[in-house]
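Report on one structure; see the data block that follows.
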Amino acid sequence: AQSVTQLGSHVSVSEGALVLLRCNYSSSVPPYLFWYVQYPNQGLQLLLKYTSAATLVKGINGFEAEFKKSETSFHLTKPSAHMSDAAEYFCAVSRFSGGYNKLIFGAGTRLAVHP
Amino acid sequence: KAGVTQTPRYLIKTRGQQVTLSCSPISGHRSVSWYQQTPGQGLQFLFEYFSETQRNKGNFPGRFSGRQFSNSRSEMNVSTLELGDSALYLCASSLAGTSGGADTQYFGPGTRLTVL
């Protein structure tokens with residue numbers, strides 16, 4: 001069965017500091033992996049996705065993630081945090097089985113950015 | 001292109017009532033999925049519809065149901081509401097949901113349901 005673990009339910013960084021949000025997956029087949037961001041009172045917005053084309057994936061707003069099969073990880077990074085990055089971030093793995101498409105989400109990491 | 005829209009954005013109901021939520025997918029998208037988001041359980045898959053057919057359902061009681069219309073718009077219904085049904089209900093659409101799981105799901109803003 002596929003699953004996703006996000007290490008750290010809360011992460012706090014200073015403005016301008018590196019952002020690192022951790023995600024590990026469990027999958028018996030090559031996974032498709034996604035990072036979504038959720039701002040207060042809003043839905044989920046796609047940041048980036050991995051579909052096996054390249055291990056380093058660049059997304060929107062300066063975020064990127066690296067797929068490491070040996071570590072079963074897909075950590076999200078941003079070199080310099082901005083106040084507007086404060087939000088909740090979700091890592092997800094896609095399961096396609098029996099003809100349907102389903103996202104399995106991690107528990108989420110709430111990112112706080114302080115001046 | 002317009003994004004996924006959901007109506008209403010907020011709902012307040014009392015226990016025992018029923019509720020219907022609506023979702024309009026991105027134009028051209030044929031797959032619609034529903035998710036429930038709560039602080040305790042996180043994001044959980046409810047069901048997915050494609051070409052007016054429910055392809056699969058998550059681990060929720062039969063009180064939760066849905067349907068999809070020929071224009072791909074979808075509704076979900078919750079009958080006999082319980083306090084624990086209070087949640088943010090998110091709808092997501094994708095092109096076809098048949099590309100082996102690589103399809104991107106685009107989410108709407110959600111409907112915040114409060115059950116009193």
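The values are calculated or read from the model by the stated rules, or taken from the named source; none is laboratory data. Just so it is clear, the model here is predicted, and its values are computed rather than measured. Don't worry about glycine lacking a Cβ; one is built from the backbone with ideal geometry, like all the others, and counts go over all protein chains shown. In case anyone asks, the SASA skips ligands and DNA or RNA and just uses the protein heavy atoms, side chains included. Shrake-Rupley method; radii C 1.70, N 1.55, O 1.52, S 1.80 Å.
Phi angles of the stretch A:108-113 translate, via the Karplus equation with coefficients 6.51, -1.76, 1.60 and θ = phi - 60°, into HN-Hα couplings of x, 10, 8, 9, 10, 10 Hz per residue; Gly and Pro are given as x.
Distances between placed amide hydrogens fall under 5 Å for A:Arg110 paired with A:His10, A:Val11, A:Tyr89, all partners being 5 or more residues away or on another chain.
Projected label points at A:Leu7 and B:Glu82, each 7 Å from Cα along the beta carbon direction, are separated by 3.6 nanometres. A cut-off of 5 Å between modelled amide H atoms, ignoring neighbours fewer than 5 places along the same chain, links B:Gln105 with no other residue. Packing-based ranking of B:83-89, B:45-51 yields B:45-51, B:83-89, ordered from highest to lowest mean Cβ neighbour count within 10 Å. Take the Kirkwood radius over Cα pairs of chain A, plug it into Stokes-Einstein at 37 °C and 0.692 mPa s, and you get 230 µm²/s for translational diffusion. Per residue of A:42-53, what is the mean number of Cβ atoms on other protein chains within 10 angstrom of that residue's Cβ? Per residue, the average neighbour count from other chains is 4. Apolar share of the accessible surface for the protein assembly as shown: 51 percent from carbon plus sulfur atoms, 1.4 Å probe.
Rounded to the nearest 20 debye, the dipole magnitude of chain A is 320 debye, with +1 charges on Lys and Arg beta carbons, -1 on Asp and Glu beta carbons, and the Cα centre as origin. Filter the cross-link list A:Lys58/B:Lys57; A:Lys49/B:Lys1; A:Lys78/A:Lys102; B:Lys13/B:Lys57; A:Lys78/B:Lys13 down to pairs whose alpha-carbon distance in this structure exceeds 30 Å. Cα-Cα > 30 Å for A:Lys58/B:Lys57; A:Lys78/B:Lys13; rest within.
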